[in-house]
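Take a look at the structure below.
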């Protein structure tokens, strides 16, 4: 205790301690800075604050040193300049709508979009006077024919998170920019590792950090990333007005996982591609939808633009198998568990009925689709798991 000033009561010292932390202390992990109230040295510093300035603290809801470190690293991974964090991937999608879409605006959404994005767009159309139109994700530069004077936003998803079509992102983004329309992409699949949409002209990248960035199936978080400061500030303004924030503890968990993300992504990729090639040979399978395979829609765009595929792909079984039989196959898997949110070490599988999910395009397959996420288990064990359930629940149709 310093001799300067009056002697303080222990209760007061618990709130106003004289910390003696050795200056210059550093460690590999980013320290966890938990804060709601941020203190300022004087009133002049408070009055000089500018909410557009990403380098100054003003309130823990907006940023702490921990969350700022994560935002900077995510922006760097995507080749962007600015990032914002949100409590989930859907929250990041919502923030784009909140920042830029107003009553009377028109937006275009791909027919293979993430289901909650569709639900959000439909809500905007029903309750807020927004025109929402769904388009063929393989439309490419012909999207120019769909643009109207009031078209404000074009969503892209690459690839579709269930049906795996890979759009020509650059062609859509070029048309959007030439016509003064904002473009945003759900790029959770690529995670900033195998594809960088900003380099292809997209304005806003949305990611669900819940997936590969977390890697542990234990964190919910999302991000918006851009290179345009004005777009970033509009996103930041909307985020601030709606009181959107994230926990520094959660940020520290994602920061912990980032250094291993590329290694994990590559491991998912190797095993998933090997299983996809094998499943193409199975008599029970009608088609395998893996962007790295030549017969997957948009494979040419994938081959040109992507460097990897991660662990996600889908299989359409032959039409002779009923939904009940495919459900039994999925439930008969021992290592592949039932669950939606992928990106962790655990393998997952779920069946989907695609037809109700489409409004603008015709789904060409009659069989039941099962989406697989290939985790970090040994590939041979996963191969054996799929095979035992195929033999047990999908009898030969020959």
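The values are calculated or read from the model by the stated rules, or taken from the named source; none is laboratory data. None of the values given here were measured: they were computed from a predicted structure. As a convention, Cβ positions derive from the backbone with ideal geometry for all residues, glycine included, and neighbour counts pool all protein chains shown.
Quick rundown of the values:
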read-out: Condition check for residue 238: more than 18 Å from the chain's Cα centre (by Cα), touching a residue at least 24 places away in the same chain (Cβ under 8 Å) and under 22 Å from residue 67 (Cα atoms); value: yes
read-out: Test: residue in the range 270-277 that is within 24 Å of residue 344 (Cβ to Cβ), in contact (Cβ under 8 Å) with a residue 40 or more places away in the chain and surrounded by fewer than 17 Cβ atoms within 10 Å (Cβ to Cβ); value: yes
read-out: Filter result (closer than 17 Å to residue 32 by Cα and either surrounded by 24 or more Cβ atoms within 10 Å (Cβ to Cβ) or modelled with pLDDT of 95 or more (or both)) within the range 67-86; value: 67, 70, 85
read-out: Wholly within the range 58-163, helices (runs of 4 or more DSSP H) carrying at least 1 residues that are closer than 23 Å to residue 179 by Cα; value: 89-100, 115-127
read-out: Residue match in the range 307-321 (condition: over 23 Å from residue 109 (Cβ atoms), surrounded by fewer than 17 Cβ atoms within 10 Å (Cβ to Cβ) and either touching a helix residue (DSSP H, G or I) at 6+ places or on another chain (Cβ under 9 Å) or assigned by TED's automatic domain parsing to the domain that holds residue 190 (or both)); value: no
read-out: Residue 163 vs. criteria under 15 Å from residue 93 (Cα atoms) and touching a strand residue (DSSP E or B) at 6+ places or on another chain (Cβ under 8 Å); value: no
read-out: Test: residue in the range 351-368 that is crowded, with 23+ Cβ neighbours inside 10 Å and in contact with a helix residue (DSSP H, G or I) (Cβ under 6 Å, 6 or more places away or on another chain); value: yes
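Quick grid of which residues meet (1) farther than 18 Å from residue 240 by Cα; (2) free of Cβ contacts under 8 Å to residues at least 24 places away in the same chain; (3) within 16 Å of the chain's Cα centre (by Cα); (4) in the same structural domain as residue 140 (by TED's automatic domain parsing):
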site: 69; (1), (2), (3), (4): yes, no, no, yes
site: 84; (1), (2), (3), (4): no, no, yes, yes
site: 90; (1), (2), (3), (4): no, no, yes, yes
site: 96; (1), (2), (3), (4): no, no, yes, yes
site: 101; (1), (2), (3), (4): no, no, no, yes
site: 107; (1), (2), (3), (4): yes, no, no, yes
site: 112; (1), (2), (3), (4): yes, no, yes, yes
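Let's see how each residue does on (1) out of contact with any helix residue (DSSP H, G or I) (no Cβ under 6 Å at 6 or more places or on another chain); (2) more than 30 Å from residue 55 (Cα to Cα); (3) at pLDDT 95 or above:
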{"site": "88", "(1), (2), (3)": "yes, no, yes"}
{"site": "95", "(1), (2), (3)": "no, no, yes"}
{"site": "115", "(1), (2), (3)": "yes, yes, no"}
{"site": "121", "(1), (2), (3)": "yes, yes, yes"}
{"site": "124", "(1), (2), (3)": "yes, yes, yes"}
{"site": "129", "(1), (2), (3)": "yes, yes, yes"}
{"site": "143", "(1), (2), (3)": "no, yes, yes"}
{"site": "146", "(1), (2), (3)": "yes, yes, yes"}
{"site": "149", "(1), (2), (3)": "yes, yes, yes"}
